[in-house]
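Okay, so here's the structure we're looking at.
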Amino acid sequence: MTVSETNRAIDVVWRTESARLIAGLARVVRDVGVAEELAQDALVAALEQWPREGIPHNPGAWLMAVAKRRAIDLLRRRQRLERKVEEIGHELRIDEQGETPDFDAALDDDIDDDLLRLVFTACHPVLSTQARVALTLRMLGGLKTEEIARAFLVPESTVAQRIVRAKRTLAEARVPFEVPQVAERADRLSSVLEVIYLVFNEGYSATAGDDWMRPALCKDALRLGRVLAELMPQEPEVHGLVALMEIQASRSAARTGPSGEPVLLLDQDRTRWDRLRIRRGLAALERAEEPGGTLGSYALQAAIAACHARAHVPEETDWVRIAALYEALSRLSPSPIVELNRAVALAMAFGPATGLELVDELTSEPSLKGYHLLPSVRGDLLARLGRHDEAHEEFRQAASLTRNERERALLLDRAAACAHAAAAQRTS
């Protein structure tokens, strides 16, 4: 195996094993930043030794063994070792001969619990949303700083600063490396799910740049969601989020044309939808819908996505049910964006005039003032009503607000089509 092939293999191993490695170390050293440094030391050792000696039979265990030795050295160098030992209990009791009989058990037991602790720590509400995203992708996704920067179109230095500040904030706030108690778990879990879905959405519909989608981010978010579902199988909303992401991701291949241009939902070739992902999504939705509880916001959104997934052609879509689900979502998690989506569903179920009535009410909503999809939806409904001059202006307004180049081109094309239709109306 060449050096470059070995380095690529190391990269794969790191993405697979880094979260478990950091999680196990963090439980012992009680500091996520220090745990990551120890894990990075093990990675450096792999980069130095594996090209020369070959990849070990169990790469994850090799990295953990190296990280353990570095952790022991670190703890030995720390002042007032006895205070630290008492702080972390008997897991790291070091005897007079320098042996560490309990260290292996301390790192190797309850690995799922360690991962769950890392999830809740990286997504702690004490951090800003941007910091949570960066730290989650770094710690749990195994992404490098430059990869995170490239995904979100920000300078690498900005991402590096966010990660450094996040780790410092966690240390200064003395955030415990633990799964929250039941009483506060719901709020903390909502933060975790928000971060994962934010990562997915940025991959599914990029807010800026030249690409309509960034599939790698969708893949990372799905992987994180699946891990969380394994760690918290009794949480319906976790399954709801996984269902939503699986079903939405099933459309990926059909969402862009040959030149990377966006293809809207009703225009997509549904034979290109990934039926395996749809089946996975529907199975996860069933788990979220288990009797005895009410559907959460992610499960409701997944149920909406399922209505589209079950329709083999657009005409089979149950828009009445979708409108009802959006109404339920609006009651549970009221927001102007949910109302905008409900307006689209109402227009499809009961006609564009019904949807336009609700959209017109939303034009005075301050939070939607710069939201490009508001004039985009309004333009679509006006065009369907034959009001092409007004629709032309709405699509131009939407194009001026989006930061995604692919989406801007699509909106300008729709504006031009409306201008052409308006001219035809005037001459007819």
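Between THR256 and VAL263, the built amide H atoms are under 5 Å apart, and every one of these is 5 or more places off in sequence or on another chain. In a reduced charge model with +1 at each Lys and Arg Cβ and -1 at each Asp and Glu Cβ, segment 114-181 shows a dipole moment near 120 debye about its Cα centre. When the chain is described by a simple charge dipole with +1 on each Lys and Arg Cβ and -1 on each Asp and Glu Cβ, the residue from THR169, GLY33, LEU381 located farthest towards its positive end is LEU381. Relative to the longest principal axis of the chain, what angle (0 to 90°, nearest 10) does the C-alpha long axis of helix 129-139 take? Result, in degrees: 50. Rounded to the nearest 20, the size of the Cβ-charge dipole of the chain about its Cα centre is 680 debye, with Lys and Arg at +1 and Asp and Glu at -1. Take the Cα radius of gyration of the chain and divide it by 2.2 N^0.38 Å, N being the number of residues; the result is 1.15. Simple rule: put +1 on each Lys or Arg Cβ and -1 on each Asp or Glu Cβ in the chain, find the dipole, and look at HIS392, GLY355, PRO56; the Cα lying farthest toward the positive end is HIS392.
Using the alpha-carbon atoms, what tilt in degrees (0 to 90, nearest 10) does helix 156-172 show relative to the longest principal axis of the chain? The helix 156-172 is inclined about 60 degrees to the chain. Compared with the dominant Cα axis of the chain, that is its longest principal axis, helix 275-288 is turned about 80°.
In the chain, the calculated helix contribution to ellipticity at 222 nm averages -23000 deg cm²/dmol per residue, counting -39,500 (n - 2.57) for every DSSP H run with n ≥ 4.
Could you work out Rg/(2.2 N^0.38 Å) for segment 3-89, with Rg from alpha carbons only? All intermediate terms of the calculation are to be shown ahead of the outcome.
Values: Rg = 14.1 Å, N = 87, 2.2 N^0.38 = 12.0 Å.
Rg over 2.2 N^0.38 Å, computed on Cα atoms: 1.17.
Readers should treat all values here as calculations from the given coordinates under stated rules, not as data from a laboratory. Treat the numbers as computed from the prediction; the structure is a model and nothing was measured. Cβ coordinates were reconstructed from backbone atoms using ideal geometry, including for glycine residues, and neighbour counts include every protein chain displayed.
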